[in-house]
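What follows is one structure encoded as structure tokens, with my remarks underneath.
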Amino acid sequence: MRMTRPTLAKRLHFLLSATLAAAVLSCSTESIDTPRVISVGRANAAKGGGTTGPSVSSANPAYGDEGTTVDVHVLGSGFATGAQATWLLNGIADPAHVRTNKTTFVSSTELVANITIAPDAQLAFWDVQVALGGKNGVGSECFEVTSAQILGPGTTGGSAAVHGMNDLLQVAGVSSTNNSSTAWYYDAAGGMVSLGSGDGEAIDPLGQFVAGANSRSIPTAWVRQPNNSWTAQTLLQPAVSIGAIAYGAARLADGTALVVGANTLPTKIGANQNATQPVVWRRGTDGTWSSPQIYPTPPGFPQSDARDVNGLGQVVGHLGYDQGIVWEDPTTYTVLDGTSGRINQAGTLIVGQNVNHVAVYWWRDPQSHQWHLPATPLPSLGGAACPDGFGLDVNDSGVIVGWSCAGSTKNPTVWLLDLSGPSPVLVGTPTRLPGLGFKVKDDLNTARAVTNSPPFVVTGSAHINTTQRVAVQWNLR
């Protein structure tokens, strides 16, 4: 599967308002596929007067789009007039795909390289080499050729996380700082819009509302007004409740909107935990919200919730920490052997993670209409050495998105199922979606949502530096 550059989001190479020096971070020495170390050469320094050769520590920006020409600040030490920067892939120069047009000396610690990235350049981490006086300094995997396009950092300057997207390419999510969270809405016309304090989790397929919870854990729907402003509406809570949140939204054939989530009960099940239960709200075509309905669960699961819903009224949720559930209607359910993510619109595929933390899918038999158990595992980018992953969304064409591990990092991942036969079959191997030049150990870049209709668009998050993530999108082809 190959990515092409989206046209929806504006390219932003210097999104954050930090200074150049503050934005620059060390290059990685770990490969996504196979760990490798490239030595840094030592030679005469600037002006030929020293004994230490050039050394590369970082590049800013740390990424570039296919088919673009960009100025990259190469930082390090031992630079002098005549230094030349070259981009290497797996240690080999490939000027046909990343060409250095000009290297400008700025100081002993900074060069500016003007580079052209070919439209078919490999989406991967590239090394940056500086040659001077017959000696080379190499920054391993300092620069990523990417197709990820920044949607925005969120409205507070904190880390942005995508939670939902519809086929209109409208996106909802939350931007978090140390002290607060802000719900936001995004579309190409208006960019990111702050909806207020809280968490935006679900977006209406028609784009009329975003649902989640406000900062006081009260279930909330931010409803679009005729002038394109947004008004927060409080959803009714069950009779016994100390808070609730909405996680998913869908439209039935008659236009009714279903919103699903979790209700928190005052019952304690641990020192810092409360019991929860799955809850469903309905919004009529007149805009009126119904009282919440609690869906049944099997005994023995004091913590349960509803996470996603489709236009057929099928709802998927969690039972405890490592089991899932799918309701065909408000009274009929099947328990799944793993944690469920989302269900597709056709009601034939559910994705998630099994008890071994491996990404999985469940499929519904077209004849018996039963869900096949146990779940079918999906391979990770890291293979058997690193099998962890999570399927977070799936569409009717069998495109699954989520994350999987490779080494010490968690990477946005796409899997493809062939649905033409009697049972789904995995096509090829998982595909890593590129980020924005930063791999952060044990932290998560992820693909969160995929459109149901082609051409397929994926949204998620990627690190813009070692502490912050931004909302991004990828186009698949």
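The values are calculated or read from the model by the stated rules, or taken from the named source; none is laboratory data. Note that the structure is predicted; figures quoted are calculated from it, not measured. Note: ideal-geometry Cβ built from the backbone for every residue, glycine included; neighbour counts use all protein chains shown.
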Checked the range 119-143 for anything buried (at least 24 other Cβ atoms within 10 Å of the Cβ) and of a type in the set (S, T, N, Q); matches are GLN129
Of the candidates VAL351, VAL360, VAL326, VAL315, the one satisfying the condition of being closer than 18 Å to ARG251 by Cα and buried (at least 24 other Cβ atoms within 10 Å of the Cβ) is VAL315
>> Within the range 127-137, does at least one residue satisfy the condition of being in the same structural domain as PRO454 (by TED's automatic domain parsing), touching a residue at least 24 places away in the same chain (Cβ under 8 Å) and of a type in the set (Gly, Ala, Ser)?
In response: no
Of those in the range 209-237 that are surrounded by fewer than 16 Cβ atoms within 10 Å (Cβ to Cβ) and in contact (Cβ under 8 Å) with a residue 12 or more places away in the chain, the residue farthest from GLY173 (Cα to Cα) is LEU236
Taking the range 408-434 and keeping only residues that are within 22 Å of ASN445 (Cα to Cα), surrounded by fewer than 24 Cβ atoms within 10 Å (Cβ to Cβ) and among the charged types (D, E, K, R), one is left with ARG432
Over the range 450-472, the set of residues surrounded by fewer than 24 Cβ atoms within 10 Å (Cβ to Cβ) and either closer than 20 Å to VAL351 by Cα or touching a Phe, Trp or Tyr at 6+ places or on another chain (Cβ under 9 Å) (or both) is THR451, ASN452, SER453, PRO454, PHE456, VAL457, HIS463, ASN465, THR466
Only unsatisfied item for ILE269, checking (1) at pLDDT 95 or above; (2) at negative phi, is (1)
In the range 48-100, anything closer than 23 Å to LEU433 by Cα and touching a helix residue (DSSP H, G or I) at 6+ places or on another chain (Cβ under 8 Å) is listed as ASN60
The one condition ARG364 fails out of (1) farther than 21 Å from PRO278 by Cα; (2) within 18 Å of the chain's Cα centre (by Cα); (3) charged (D, E, K, R) is (2)
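Residues checked against (1) surrounded by fewer than 17 Cβ atoms within 10 Å (Cβ to Cβ); (2) aliphatic (A, V, I, L, M):
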| position | (1), (2) |
| --- | --- |
| ARG342 | no, no |
| ARG364 | no, no |
| PRO374 | yes, no |
| PRO379 | no, no |
| GLY402 | no, no |
| ALA406 | no, yes |
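Which of the following residues is under 19 Å from VAL399 (Cα atoms), part of a strand (DSSP E or B) and hydrophobic (A, V, I, L, M, F, W, C): ILE325, ILE350?
Answer to the selection: ILE350.
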Here, strands (runs of 3 or more DSSP E) confined to the range 178-264 with at least 1 residues that are at pLDDT 95 or above, more than 17 Å from ALA161 (Cβ to Cβ) and touching a Phe, Trp or Tyr at 6+ places or on another chain (Cβ under 7 Å) are 209-214, 219-224, 230-234
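Residue-wise test of (1) modelled with pLDDT of 95 or more; (2) in contact with an Asp or Glu (Cβ under 8 Å, 6 or more places away or on another chain); (3) closer than 19 Å to ARG469 by Cβ.
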| position | (1), (2), (3) |
| --- | --- |
| ASN395 | yes, no, no |
| VAL414 | yes, no, yes |
| SER420 | yes, no, no |
| PRO424 | yes, yes, no |
